[in-house]
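Working notes, structure below.
Where a number appears in this text, it was derived from the coordinates with a stated rule and is not lab data. Note that the structure is a prediction, hence the values are computed from the model and not measured. Here the Cβ is made from the backbone with ideal geometry for all residues, glycine too, and neighbour counts use every protein chain on show.
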Amino acid sequence: MKLNSDEVLVIASNKMGHGDDKLGEILIKSFIHVLTENETIPKTIVFYNSGVLLTSADSACLDDLKLMEKNGAEILLCGTCVDYYNIGDKISAGKISKMRTIIEKMEEAKKIIKP
């Protein structure tokens, strides 16, 4: 697994797409898992809004996120969002970040991926 420094993955929800919530949860879990099967992964992965829930200890995505983090991916979480959902003590992947840092990472990216 190699890092693509030109890409930033932005996950803004704990679901993928609009419609049935259960299906959306299945899709985002599948998206993150399939990403780990790629030769390359984004160097930076940003989570905000309900996306931060995917980094908590009870997340079905946690193993895949930890694998990407172990392989060098930088996982950044919106601190305001972590506080809003009151999950600071449950974060098990990534690190809490400020919106300024998130903006800078997105500005530096040549490509932003948003499922």
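Quick notes
- Separation between Cα centres of the stretch 13-49 and the stretch 89-115, rounded to whole Å: 14 Å
- Choice from Ile103, Ile11, Ile41 showing the highest fluctuation, given a GNM over the chain with Cα pairs closer than 10 Å: Ile103
- With a cut-off of 11 Å between beta carbons, the residues surrounding Ile26 carry a summed charge of 0, where Lys and Arg count +1 and Asp and Glu -1.
- Paramagnetic label reach from Glu108 (point 7 Å along Cα→Cβ; backbone nitrogen cut-off under 19 Å): within the stretch 68-83, residues 69-79.
- Considering only alpha-carbon pairs that sit under 8 angstrom and 6 or more positions apart, the relative contact order computed for the chain is 34 percent.
- Treating each Cα of the stretch 1-63 as one equal point scatterer and applying the Debye formula with no solvent, the log10 of I(q)/I(0) at q = 0.16 Å⁻¹ comes out as -0.52.
- Cysteines in the chain that lack a partner Cβ within the 4.7 Å cut-off: Cys61.
- Taking Cα centre as origin and charging only the Cβ of basic (Lys, Arg, +1) and acidic (Asp, Glu, -1) residues, the dipole magnitude of the chain rounds to 180 debye.
- Share antiparallel - DSSP beta bridges, the chain, percent rounded to 5: 5 percent
- Amide H to amide H, with H built 1.01 Å from N, Glu74 comes under 5 Å of Thr44, Ile45, counting only residues 5 or more places away or on other chains.
- At full extension, Ser30 and Asn49 could sit 4.9 nm farther apart than now, given 0.36 nm per residue minus the alpha carbon distance.
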